[in-house]
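The values are calculated or read from the model by the stated rules, or taken from the named source; none is laboratory data. Computed from a prediction, not measured in an experiment: that's the story for all the values here. Here the Cβ is made from the backbone with ideal geometry for all residues, glycine too, and neighbour counts use every protein chain on show. Side chains are part of the model used for accessible areas, which takes the heavy atoms of the whole protein and leaves out ligands, DNA and RNA. Shrake-Rupley method; radii C 1.70, N 1.55, O 1.52, S 1.80 Å.
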Amino acid sequence: MPQSQLLSVTFHYVGMPETTFPGIHGLDTFQFREAITNLMTGWSLVSINDIVQALDNKGSLPEKACLISLDDGLRCQYEVALPILDDLNVPGAFFVMGAPYTKQKATTVHQLHSHSSQPRRSVAH
């Protein structure tokens, strides 16, 4: 029996404009759908439950398995990414940060990203 490959592809900003923060590249709705569709052509998209069952020897993964994950629990993931995954019948794993909800405050990194995506203002001297 061939050994399975497991690829995990993680997304953050979906359906949001490109930011000015170096290294942060959001995907618009079309790009996200296209990325998922492209993955579907060469990989079998699996859920966390599929992976856990395979690890517990209660199932097996396809030869080329891929997990789609979304980090941080951002609103755009719920409002944009989840409907696309549902429409394509693709499982996804959402990893939600608890601190922003319990403390009612955005994380420092997300504050920086939000600030950096705001239009630059000229300051007259």
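Quick one: net charge around residue 3, please, counting Lys, Arg +1 and Asp, Glu -1 for every other residue with C-beta under 13 Å from its C-beta. Mind showing how you got there, number by number?
Working: positive: 64; negative: 63.
Neighbourhood net charge equals 0.
Might you work out the accessible area of residue 97 for me, using a 1.4 Å probe with all protein chains in place, and round it to the nearest 10 Å²?
60
Efficiency by 1/(1 + (r/R0)^6): what FRET value for residue 58 and residue 78, r their Cβ-Cβ distance, R0 = 41 Å, to the nearest 0.05? Walk me through the numbers on the way to the answer.
Values: r = 30 Å, r/R0 = 0.73.
Here the calculated transfer efficiency is 0.85.
Would you rank 13, 78 by solvent-accessible area, highest first, keeping every protein chain in place and using a 1.4 Å probe? Present the calculation step by step, with values, prior to reporting the outcome.
Details: 13 35, 78 155 Å².
The ordering from most to least exposed comes out as 78, 13.
Among the aspartates and glutamates, which fall within straight-line cross-link reach of residue 103, defined as a Cα-Cα distance under 18 Å, with same-chain neighbours fewer than 8 residues apart omitted?
72
Please check which bits of segment 62-94 a label hung off residue 3 would reach, taking the label as a point 7 Å along Cα-to-C-beta and the cut-off as backbone N under 15 Å.
63-65
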